[in-house]
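The values are calculated or read from the model by the stated rules, or taken from the named source; none is laboratory data. As the structure is a prediction and not an experimental result, all values here were calculated from the model. Counting neighbours? That spans all protein chains shown, and the Cβs are built from the backbone with ideal geometry, glycine included.
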Amino acid sequence: MNGYSKKNGLTVVSVMVACLIGMALFGWNISASAGEQPAGVVGLSRVETLRLGENIYRKGILPSGKPVTAIVQGDMPIDGTMFSCESCHMRSGLGSFEGGVVTTPTNGANIYKPQFTLRRLTPSEMEKIPRYLAPLYLAPPRRPAYTDETLAVALHEGVDPSGRILHPVMPRYFLDDRDMKILVYYLKALSAEPSTGVTDTTIRFATVVTDKVPPEERDAVLAPLEKYVSGRNSRAKTFETRAKYGFFAESMDLSYRRLSLSRWELQGPPETWRRQLEEYYRQEPVFAILGGITSGEWQPVHDFSEEHRIPCILPITDFPVISETAWYTLYFSKGLYQEGEAVARHLGMTIDLPPDKVVVQIFHDTREGRAFSAGFQETWQGLGRQPPLNRALRTGETITKEFLQQLTDREKPAVILLWAGPEAVAALETIAASANRPELVYLSSTLLKQSLAKLPDQARDFTYVTYPYALPQGASAQLNQDQTKVPQTATTVRIIEKMRSLSLILTDALMMMGSNYYRDRFLEVIDMMQDKPRSYTNYERLSFGPGQRYASKGCYILQLGKGLNPELIRKSDWVIH
Amino acid sequence: MSTRSLLLTVCFLATLAVLAHASIAEAADRKYTRSIESYTVPDVTLVDQNGKKIPFKSYVETDQPVVLDFIYATCTTICPVLSASFLNLQNRLGPDAPKARLISITIDPEHDTPKIMKDYLKRYRAKPGWDFLTGSRADIDRVMRAFNAYIPDKMSHYQLTLIRSPRDGKWVRIKELISSQELLEEFRQAWKK
């Protein structure tokens, strides 16, 4: 913690002495001097030591399999099942800041070096500063470098090498000698070397574009990104000059790097993409992947990113990988899945559909259809509901009058989820005229595109539509004419807007990362960002947090007013509870 | 003044002095600042970790003592300690734990769904009586404002524990992280008949 409380110096010294005596009595073996990397400890191989150390640090689990135990706030017992070192000091070990509370870095590179108030200057830099400032730069460290022994004292007793008492929220750990050595070994290896893809002058990025993406959409991704990179690099000279002559520690000037952006174009079937990605990466190891676009699946890129631990920030895809544990890809949203999820929440929480009512999902057995239906079904069942009746249409099968009449006569559904494109318009006419008309029908604006405004008037009272973006601005919030007439342009505009969001987030992230060029840190600083409201994005809000990997969490449920240019009537909150 | 009146006056002043001394001693022992507040609890509907709708006002204005905090599931630093303090309060109350109503309100309603909140409580081994509530952003904002705890973004979060006494409906407001023993004592004060 950054905040320290002063305590009686004698007490502190006594505690330290007692600890050192205790450690000597219990056989604490000072195995390495400051900064050294021992080759494994307590008879374990390096790999095994790191694995066990990572378990302590990240999962709060001791090598024995039991949770780590500790005391916080003076008298509060906690254990590793609640939170671990990683919860506050983050995966990179570089700490966090939240609500004015700063958690300091705990990786070896930081704690095994003294901490000065001001950066140490080189002799030539010292010559340039006014003489009266020299004492400030020559002052002794405010915290000497940790050693293995003083680190153990800090972890056990909460006292740092300068004798200051660490903030009471920093746990005082019950770790035995062996476990302490394993954890210390891990901390020394944690974020020890900057990640691949960063040189003294440049941070290398790539963007992934798959074939079959329409050219205008591909341009909508590449042009803004490349313009961003060239624009930033055109200002590099100013920053580099400032960095060269500046002497303030850890300023953004010192961390300034030019950016490079490569196009990684993937051709052919998705099962070959992984091989192509590996080859690109072998030729040019990048720090992270920015944006990118696919017209189909994203899974191979996701897996590549996850396995190589390469951050992949905000690609354009309707098919993000839905996972609660994946770490390295940050998506704009859950894509089509999220629209299904929103319907389940609306139907379950807002409408509160009685449990005996029948819900039918009609969808094409395609990637799109499966994403919508999975989003609905998984969320619906998560609300404790019975699975819906699923009618997956085979290739070539269409939604005919007969199909719908048979379905409504036989199943008498109270709710139909019609995951279909323009064909939904005719289907809705049939449903509206049906003797066994369902009480509610749900459609997706993403699938309907320009057909949204063509939904039959007689069906609008019982039809709800998912809308995963911020509503168009304006007095009457009417359907955007551009979207109805020129869908391709609307899609392109949305992509450009998303790349603008990415650029704004990237600017913040690069500044917040400073010179900590670690991939985990890059993701962490994004996790610590404030929410981005709609002035930053075409979503209602983008929000972040440790492990949160879908920045837009919402989707409106709308109804349409009457007429050719209908009013969009909001029937739900952005996030439905 | 009669001897009797004089005696009564002396007794009264002595009692006052003892009470004042006790109060000063108590305040001197306390290592944190607290204040007594009155809040108008908004009449909103929130959702708990089981997906159940909770009429917030009646849920809070109960004859049980209430301890309330603002947290979010992926928070670093502050919330883990606040939540550990809730668990420890439940543990220290032992069989009386269900008599305390512990309420954690999310300040990240976009992310914190009932499932996520349920997993969070499970991770902290919460006992019955500790609920985690979410809701629409507008309703969560209303609740934060009602308790003079509004923040525009979860990253501006600060620690706050509020304890409501069913005796008079007043709230103790503690804007610091306190020890388990201190929270227990505050809770017992609020519970006193």
Worksheet, complete the sentence: Here the qualifying pairs (Cβ atoms under 7 Å; residues six or more apart or on different chains; first in segment A:225-253 and surrounded by 15 or more Cβ atoms within 10 Å (Cβ to Cβ); second at pLDDT 90 or above and charged (D, E, K, R)) come out as A:Asn233/A:Arg258; A:Ala236/A:Arg258
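Which residues, taken from segment B:97-114, are basic (Lys, Arg) and at pLDDT below 95?
B:Lys99
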Fill in: Boolean, A:Tyr331 is hydroxyl-bearing (Ser, Thr, Tyr), touching an Asp or Glu at 6+ places or on another chain (Cβ under 9 Å) and either crowded, with 18+ Cβ neighbours inside 10 Å or more than 27 Å from A:Gly396 (Cα to Cα) (or both)
no
Worksheet item: Of everything in segment B:33-89 that's without any contact (Cβ under 8 Å) to a residue 40 or more places away in the chain and of a type in the set (Lys, Arg), which residue is nearest to the other protein chains (Cβ to nearest Cβ)?
Response: B:Lys53
Fill in: Single residue of A:Ser84, A:Ser96 found to be closer than 23 Å to B:Asp108 by Cβ and touching a residue at least 60 places away in the same chain (Cβ under 8 Å)
A:Ser96
Worksheet item: What number of residues in segment B:125-172 are free of Cβ contacts under 8 Å to residues at least 60 places away in the same chain and of a type in the set (Gly, Ala, Ser)?
Response: 5
Worksheet item: Residues in segment A:376-384: is at least one surrounded by 23 or more Cβ atoms within 10 Å (Cβ to Cβ) and touching a strand residue (DSSP E or B) at 6+ places or on another chain (Cβ under 9 Å)?
Response: yes
Worksheet entry | Lone unmet requirement of (1) within 14 Å of chain B (Cβ to nearest Cβ); (2) in contact with a helix residue (DSSP H, G or I) (Cβ under 8 Å, 6 or more places away or on another chain) for A:Pro566 | (1)
Worksheet entry | segment A:71-87, residues that are within 7 Å of chain B (Cβ to nearest Cβ) and part of a loop (DSSP other than H, G, I, E, B) | A:Gln73, A:Gly74, A:Asp75, A:Thr81, A:Met82, A:Phe83
Discussion item. Could you check segment A:534-563 and list, in sequence order, the residues that are buried (at least 21 other Cβ atoms within 10 Å of the Cβ), more than 10 Å from chain B (Cβ to nearest Cβ) and not in a strand (DSSP E or B)?
Written reply: A:Thr537, A:Tyr539, A:Arg549, A:Cys555
Worksheet item: What number of residues in segment A:311-363 are part of a loop (DSSP other than H, G, I, E, B), under 25 Å from the mean Cα position of the chain (by Cα) and of a type in the set (Asp, Glu)?
Response: 2
Discussion item. Filter segment A:523-548 down to the residues that are under 9 Å from the mean Cα position of the chain (by Cα) and within 16 Å of A:His89 (Cα to Cα) and list them by number.
Written reply: A:Leu523, A:Glu524, A:Ile526, A:Asp527, A:Gly545, A:Pro546, A:Gly547
Item to complete: Please enumerate the residues belonging to segment B:110-149 that are part of a loop (DSSP other than H, G, I, E, B), over 22 Å from B:Val81 (Cβ atoms) and more than 10 Å from chain A (Cβ to nearest Cβ).
Response: B:Pro128
Discussion item. Considering only residues that are outside any helix (DSSP H, G or I), in contact (Cβ under 8 Å) with a residue 24 or more places away in the chain and within 14 Å of another protein chain (Cβ to nearest Cβ), which ones fall in segment A:495-533?
Written reply: A:Met528, A:Met529, A:Lys532
Worksheet item: Any chance segment A:84-105 includes a residue that's within 16 Å of A:Leu187 (Cβ to Cβ), of a type in the set (Val, Ile, Thr), crowded, with 19+ Cβ neighbours inside 10 Å and at pLDDT below 95?
Response: yes
Fill in: Close pairs from segment B:91-102: first more than 14 Å from B:Arg125 (Cα to Cα), partner of a type in the set (A, V, I, L, M) and in a strand (DSSP E or B), Cβ under 8 Å, at least 6 apart
B:Ala100/B:Val66; B:Ala100/B:Val67; B:Arg101/B:Val66; B:Arg101/B:Val67
